[in-house]
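What follows is one structure encoded as structure tokens, with my remarks underneath.
The values are calculated or read from the model by the stated rules, or taken from the named source; none is laboratory data. Bear in mind the structure is a predicted one, so any value in this text is a computation, not a measurement. In this analysis, Cβ positions are derived from the backbone assuming ideal geometry, glycine residues included, and neighbour counts consider all displayed protein chains.
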Amino acid sequence: MAIKTGTPVLKVAIVGSGPGGLATALAMRDVPGVEATIYERALVLREVGAGLSISQNTWNVLELLGVADSLTSGHPTITVLNMNGQTGEELHRFEKPSASPRTPIRTQRTALQAALLAHIPKDSIQLGKKLLKLDDLGVSGVRLTFADCSTTIADLVVGADGIRSVVRDCVWPDYRLNFTGTTIWRVLLPVDAIKDLDPRFLITSWWHGPTTHVYFSPVGEGMWEIAARAWQDPTIHGASKVSWGTPVENVIVESNFIQYLPQVKEALERVPKGEWREFAAFSGPKLATLTGWNNRVVLVGDSSHALSGAFGSGAGFAMEDGWVLAQALASSNNDLSKALPLFDKIRVPYYTRMYAHLDNEAKRRAQHLSRFVEPSDAERVRSKVIKAGGDMQWIYGNDIGKVWRESTAVVA
């Protein structure tokens, strides 16, 4: 795209190559004057985890990025079940609207990464660049210092480095993450390894205990995902919970689900040794602004809203952030003093609403349990899957292109 006369050249450093970082770089390719480079700490690009959900909100932003047709594998998630993992009782069945332009799916994280990477020049990604610190140079920009002793200076730094963001820690040093009490174990294995156990395992489903759950879902290409969670009092167990994608012994995972149905326990036991990865879930408070250092730093994705995947659509949120940021730069002719406040105006209220929703849901569940002097396991499980009365399309049906048009129409 030709650069308009008077358009300043803007050097952008994107820290992190997850969906948010890749989407930001991809969206910025269409912004005149922007030179964006991704800095990734890993020596090899690879995703840690198992699967992710692609709902209509994520399809919408993938369409805008021009990569929706590149994501070709996944398992349709039209039906989602919530089950009592100890009794097999079906507690809730959700049938997603079928009128969506694209089918909601559960896919492998690597599939989404591959779809994005296919559209990004390899020379725009630098690997082995572990960020150590940022320095505010005022009008001269921001200096990034990496563990390999190299440095670079950028006009704008985009923190796309996840929930444990180094960028956020440098610019918001008082921000604190706290262990939520939840530990997550993830793995992928072939569908053929478990399909004989229960036909419901081939439907995306949550199997609940009072303080645990096991999530099962096919993810396409003959693979099947387990994402198991257990909660412990964080005031007692929090000090030692620092794991993030680290291997864990099978017996540790299995010990948290001994009260579950035999077929659920058998599915966990069929995971090959050494395949489980453990993640300690952390969360942090809402930020009043996602921009800092006089509009020279901005956060996208999990670095901007530390909610530990509460809505199961973090990749979509991160890509929406990146796309909106690129539009804001383009509409302001790369004027950071205009672009970043506009980004803030659009995205901060959205994340504020998410925090408020989670608070309200916690209160509703507590009110439900307060009716019982000593709630049974069945009542505790049922309280977990109480469904909100409000429409959640503001998240899962979000049309970020429409949001952008409406927001800029008001501004204009």
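Observations, loosely collected:
- For the stretch 131-184, filtering for residues that are closer than 21 Å to Asp302 by Cα and assigned to a loop (DSSP other than H, G, I, E, B) leaves 12.
- Residue in the stretch 24-45 that is assigned by TED's automatic domain parsing to the domain that holds Ala114, surrounded by fewer than 22 Cβ atoms within 10 Å (Cβ to Cβ) and within 30 Å of Thr211 (Cα to Cα) present: no
- Screening Leu10 on (1) of a type in the set (A, V, I, L, M, F, W, C); (2) over 22 Å from the mean Cα position of the chain (by Cα); (3) under 27 Å from Leu189 (Cβ atoms) shows it passes everything except condition (3).
- When each of Ser303, Ser283, Ser331, Ser313 is tested for being of a type in the set (Ser, Thr, Tyr) and within 24 Å of Met83 (Cα to Cα), the lone residue that passes is Ser313.
- Look at (1) surrounded by fewer than 18 Cβ atoms within 10 Å (Cβ to Cβ); (2) at pLDDT 95 or above and you find that Thr352 fails only one, number (2).
- Pairs are defined by a Cβ separation below 6 Å, a sequence spacing of at least 6 or placement on different chains, a first member in the stretch 342-360 that is of a type in the set (A, V, I, L, M), and a second member that is surrounded by 14 or more Cβ atoms within 10 Å (Cβ to Cβ) and in a helix (DSSP H, G or I); the pairs so defined are Leu342/Ala328; Ile346/Val324; Ile346/Ser407.
- Residue pairs whose Cβ atoms lie under 6 Å apart, sitting 6 or more positions apart in sequence or on different chains, and linking a residue in the stretch 82-102 that is in contact (Cβ under 8 Å) with a residue 12 or more places away in the chain and under 17 Å from Pro199 (Cβ atoms) to a partner that is among the β-branched types (Val, Ile, Thr) and assigned to a loop (DSSP other than H, G, I, E, B), are Asn82/Val385.
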